Amino acid sequence: MRIAIDVDSTLHHYWDQFQAAAKRRFGVELPYHEQHWRIDRLRPEQVRACVAETHRDEQILAAEPYPGAVEAVRAWHEAGHFVHVTSHRHDRAHAATARWLERIGLPYDDLYCSADKITRCREIRIDLLIDDSPVNLLAAVEAGITGATVSHPWNREVCEEEDIVCAGDWPELARRLAPLLEGART
């Protein structure tokens, strides 16, 4: 099977970094449990500034993966599945992202940093997209790609209403995806 996996809020808890940047730069509190996909307490240029800050090399390299994430991906890779790591990060974050993946010991076959994940997933024939974005998850399903996620406040509605594999954490996600991945090889 060909698996694409997002980075921020999928492989690690990105919200802590983003929330800290919003507080430091703009004095705005963004409690995790209150978040929706569109951040309405910041102007678009403020969101962009926080994203740019959190995608600096030192922030990328400081992130710690969710418990069970590396182990699940490693098991899939060792079982012969193709692992494509994909992120909306700017291409200039590619090298730091690759160093982070090496630091945490996450094996992968391809790393892609760009705004258009779904087009890339179609190009390389991805079967499964693991992402936190409700927009990406719905677009994946529309493109015939299975969508899966770790549940967050901003994607719970998609989990409840759409045909998306959802889980509370990575160990549960790995268990829920096991039937899909069993026997499938690249």
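Read-outs: derived from the displayed coordinates by stated rules, not from any lab. Everything numeric in this text was worked out from a predicted model, so none of it was measured. We place every Cβ from the backbone using ideal geometry, glycine too, and count neighbours over all the protein chains shown.
Numbers below:
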| quantity | calculated |
| --- | --- |
| Candidates per GluC sites (Glu not before Pro) in the stretch 113-186, loop by DSSP, up to 13 other Cβ within 10 Å | 182 |
| Approximate spin-label separation residue 176-residue 71, in nm, with each point projected 7 Å along Cα-to-Cβ | 1.9 |
| Residue 142/residue 25 FRET efficiency (R0 45 Å; Cβ-Cβ; nearest 0.05) | 0.80 |
| The stretch 130-142 - phi-based ³J(HN,Hα) in whole Hz, Karplus 6.51/-1.76/1.60, Gly and Pro as x | 9, 7, 9, 6, x, 5, 5, 4, 5, 5, 4, 4, 4 |
| Point-to-point label distance, residue 109-residue 32, nm (Cα→Cβ direction, 7 Å offset) | 3.2 |
| Centre separation in Å (Cα based) which lies between the stretch 146-166 and the stretch 72-98 | 21 |
| Integer Hz, Karplus 6.51/-1.76/1.60 couplings in order for the stretch 11-22, x for Gly and Pro | 8, 8, 7, 5, 4, 4, 5, 5, 4, 5, 5, 5 |
| Which of 86, 54 has the fewest Cβ neighbours within 10 Å, and the rest in rising order | 54, 86 |
